[in-house]
């Protein structure tokens, strides 16, 4: 579990404490133990979205997480229009 206490970022899972946003981002980013839960609004229609277990998003200089999500209905509409193709790099075929 991670939280902010008195100006410090505290990770009770790893016994880690810092006041630095950079150190906090480095500690949490890419670590499966750190996920996001909360709410935001759909970037397409504005409906409120609640989410859990979203991979950690770094804090920017303003303290924002910049989490941009679509609701299920908007995501379905978007995915239906997208053509996806797996690209194999030349290096992986050597």
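Values quoted throughout were computed directly from the atomic coordinates according to the rules given, and no laboratory measurement underlies them. Owing to the predicted nature of the structure, the values given are computational and were not obtained by experimental measurement. Note that we place each Cβ from the backbone using ideal geometry, even for glycine, and neighbour counts take in every protein chain shown.
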**Message:** Could you identify which residue out of 48, 70, 58 has the top mean-square fluctuation in a GNM of the chain using Cα springs shorter than 10 Å?
**Reply:** 48
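Using the Kirkwood radius over Cα pairs, work out the Stokes-Einstein diffusion coefficient for the stretch 37-76 at 20 °C and 1.002 mPa s, in µm²/s as a whole number.
Stokes-Einstein gives a translational diffusion coefficient of 196 µm²/s.
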**Message:** So if each residue of separation counts as 0.36 nm, and I subtract the Cα-Cα distance between residue 60 and residue 77, what length gain in nm does that give?
**Reply:** 3.1 nm
**Prompt:** What does the highest-first list of 24-35, 78-89 look like by mean Cβ count within 10 Å?
**Reply:** 24-35, 78-89
**Prompt:** Once both labels are modelled 7 Å past Cα along the beta-carbon direction, what's the residue 85-residue 32 spacing in nm?
**Reply:** 3.3 nm
**Message:** Under the rule a/c < 1.5 gives rounded, and otherwise a/b versus b/c splits prolate from oblate, where does the stretch 2-83 land using the Cα gyration tensor?
**Reply:** prolate
**Request:** With an 8 Å cut-off on Cα pairs and a minimum separation of 6 or more residues, tell me the relative contact order of the stretch 2-83 in percent.
**Result:** 20 percent
